[in-house]
Amino acid sequence: MDSAVSSPFLRSVVEAVRVRHYRIRTEKAYIDWIKRFIFFHDKRHPAKMGGVEVGIFLTDLAMNRQVSPST
């Protein structure tokens, strides 16, 4: 397990990704995007958020951060 991941939530994500045998780069990308999502929403726990928050985050990425909507 990656020692750089200290959050129990993120550790569970790492475990889930590793069980599925995803590449390490994919794992790191998932963790990075999840962290961005959490910090964007003022460190709220993902379990307390839903589709509305995902939509707000994705809209911000597309409108304000020039991330392609297809990404």
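Taken together, the values in this text are just the output of simple stated rules run on the coordinates, not laboratory data. Note that this is a predicted model, so its numbers are computed, not measured. All Cβ positions, glycine included, derive from the backbone under ideal geometry; neighbour counts span all protein chains shown.
A simple count of charges around Phe40, restricted to other residues whose Cβ falls under 13 Å of its Cβ and scoring Lys, Arg +1 and Asp, Glu -1, yields +1. Think of it as helices only: each DSSP H run of n ≥ 4 in the chain is worth -39500 (n - 2.57), and spread over all residues that comes to -19500 deg cm²/dmol at 222 nm. Between Ser12 and Val54, the modelled label-to-label distance comes to 1.6 nm, taking each label 7 Å out from Cα in the direction of the beta carbon. Between Arg65 and Lys28, the distance separating the two model label sites (each 7 Å from Cα on the Cα→Cβ line) works out to 1.8 nm.
Placing +1 on the Cβ of every Lys and Arg and -1 on the Cβ of every Asp and Glu, with nothing else charged, gives region 8-64 a dipole about its Cα centre of roughly 280 debye.
Subtracting the Cα-Cα distance from 0.36 nm times the residue separation, let me have the gained length for Ala47 to His21 in nm, one decimal.
This chain segment gains 6.9 nm when fully extended.
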